[in-house]
Every structure is written in structure tokens, then in C-alpha cells.
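Everything on this sheet refers to the single structure shown next.
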Amino acid sequence: SLRWKIMIAPSVVLLFLLILGWISYGGLVNQKATIEDIFNNRFKSYQASATILKDMANVHSNLYKTISWAGANYEAAKIDSLAKEQLAIMEKTQQTMERALQASAATPEEKKLFQQTSAQLSEYKKSAFSAMDLASSDLNMATMYMSTADDRFQVLNRSLHDLLDLEAKSSKESYESSVAGFSAFLK
């Protein structure tokens, strides 16, 4: 009887230590999952969005360069080469967006924005292709298509910035959730 009374206090302490260890382990697992989500999903999506934004800005500036070269009577082969490079970049960008849509970690909001942006990219690509195709043969028509391409680029650019903002917001939410979980554990 005395032996059981002596064992109660250490048993209670051991039970509390086990509970504390289990809670700590759960917190660490949550921290690990959050860090993996931030790096493997949020950061990669942010990185892809930033790359798409940068590539499209370069394509658009090179589209102006193509028109400028055509106006300055550069070699048609040089103009066509620059145009083909831009088309290849737009194709690569379209494929990147398709992969992002297929990603299992993408949220419904991300998928919606990627679909919207992908459709806008297709429209921009048509206008840009028309402007580049006509640059070496009919500069006036190319300039007209350039105006349409520029309008479509502005819409595309806004969507790409929205996508970038969404990725930053998602990363921040994951981080804040992780910090809140850690703070709750300390209290």
C-alpha cells in the first residue's frame, strides 16, 4: 500500500512528461510540414510566377525591339530570329503554366488565376505573333497589331502580378500559422 502511494507522484510526473513530449512532437511535425509547404509549394510557385512575369516582360520589350528593328531596316533574318526566340519563350511559359495547373499543391484560387493567366497569355501570344510576323513585311500593320498586343500585355501583366501577390500572401499565411502554433505551445 505504501509502495503504491510512493509510485503515484513519479507516475503522474511521467504521465505529464509523456503528454508534453507528445505535444512537442506534434508541434515539431507541424513546423516541419509548414516549412516543407513554404519551400516545396509556396516558394516554388512564387519562383515560377516571378519567372513567368520576368520572361513575359522581356518578351514584350523584345517585341518593341522587333518593331524598332523593322523600322530601322535591320536584316529580315535578324528580325525573324529575334521573333522566333520570343515565340519559343512564350511556348515555354505556356508549358510552365500548364505544369502549375497540374500541380497537386496548387490551391483552387491559384489554379483559377493560372487558368485566367494562361488564357490571357494565349491571346497575347496571338497578337504578338501577328506583330512579329508582319514586322519585316508591313511595318504599319505590325504597329497596329503591336497596339493590340500592348493592351493584352497590360491585362496579362496585371494577372501575373496578382498571381505573385497571391503566392506571397499564401507563404505569409503559412508562416503566420506556424508561428501562431509555436506561440500557442509556449503559453
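Scanning segment 54-84 for residues that are open to solvent by less than 40 Å² (accessible area, probe 1.4 Å) and of a type in the set (Ser, Thr, Tyr) gives a single hit, Thr66. Tell me whether segment 47-63 contains one or more residues that are over 30 Å from Thr143 (Cα atoms), without any contact (Cβ under 8 Å) to a residue 60 or more places away in the chain, out of contact with any Gly (no Cβ under 9 Å at 6 or more places or on another chain) and assigned to a helix (DSSP H, G or I). The answer is yes, given that some residue of segment 47-63 is over 30 Å from Thr143 (Cα atoms), without any contact (Cβ under 8 Å) to a residue 60 or more places away in the chain, out of contact with any Gly (no Cβ under 9 Å at 6 or more places or on another chain) and assigned to a helix (DSSP H, G or I).
When segment 168-183 is limited to residues that are more than 17 Å from the chain's Cα centre (by Cα) and open to solvent by less than 90 Å² (accessible area, probe 1.4 Å), the one that is farthest from Gln115 (Cα to Cα) turns out to be Ser183. Here's a check for you: in segment 136-167, which residue that is among the small types (Gly, Ala, Ser) and in a helix (DSSP H, G or I) is farthest from the chain's Cα centre (by Cα)? Residue satisfying both the conditions and the ranking: Ala142. For segment 1-17, the tally of residues that are in a helix (DSSP H, G or I) and of a type in the set (S, T, N, Q) stands at 1.
Considering only residues that are open to solvent by less than 20 Å² (accessible area, probe 1.4 Å) and among the hydrophobic types (A, V, I, L, M, F, W, C), look in segment 156-167 and name the one that is nearest to Asp37 (Cα to Cα). Outline the logic, then answer.
Filtering segment 156-167 for residues open to solvent by less than 20 Å² (accessible area, probe 1.4 Å) gives 156, 159-160, 163, 166-167.
Okay, now just the ones that are also among the hydrophobic types (A, V, I, L, M, F, W, C), so 156, 160, 163, 166.
On the way: Leu156: 27, Leu160: 22, Leu163: 17, Leu166: 15 Å.
Filtering segment 156-167 for residues that are open to solvent by less than 20 Å² (accessible area, probe 1.4 Å) and among the hydrophobic types (A, V, I, L, M, F, W, C), the one nearest to Asp37 (Cα to Cα) comes out as Leu166.
Among the candidates Thr51, Thr34, the residue that is within 30 Å of Leu156 (Cβ to Cβ) and either out of contact with any Asp or Glu (no Cβ under 6 Å at 6 or more places or on another chain) or exposed (fewer than 11 other Cβ atoms within 10 Å of the Cβ) (or both) is uniquely Thr51.
When Thr117 is tested against the conditions (1) within 16 Å of the chain's Cα centre (by Cα); (2) farther than 29 Å from Gln47 by Cα, the lone failure is (2).
If you go through segment 85-106 one residue at a time, how many are in a helix (DSSP H, G or I), open to solvent by 70 Å² or more (accessible area, probe 1.4 Å) and at pLDDT below 90?
We begin by selecting, within segment 85-106, every residue in a helix (DSSP H, G or I); these are 85-102.
With open to solvent by 70 Å² or more (accessible area, probe 1.4 Å) added as a condition, the list becomes 85, 91-92, 95, 98-99, 102.
Pick out the ones that are also at pLDDT below 90 and you get 98-99, 102.
Result for segment 85-106: 3.
Surrounded by 12 or more Cβ atoms within 10 Å (Cβ to Cβ), out of contact with any helix residue (DSSP H, G or I) (no Cβ under 7 Å at 6 or more places or on another chain) and part of a helix (DSSP H, G or I): does that describe Lys44? Let's see the steps before the verdict.
On the way: surrounded by 12 or more Cβ atoms within 10 Å (Cβ to Cβ): yes; out of contact with any helix residue (DSSP H, G or I) (no Cβ under 7 Å at 6 or more places or on another chain): yes; part of a helix (DSSP H, G or I): yes.
So Lys44 passes the test.
The values are calculated or read from the model by the stated rules, or taken from the named source; none is laboratory data. The structure displayed is predicted, hence computed values, not measured ones. As a convention, Cβ positions derive from the backbone with ideal geometry for all residues, glycine included, and neighbour counts pool all protein chains shown. Heads up: the accessible areas ignore ligands, DNA and RNA and are worked out on the full protein's heavy atoms, side chains in. Shrake-Rupley method; radii C 1.70, N 1.55, O 1.52, S 1.80 Å.
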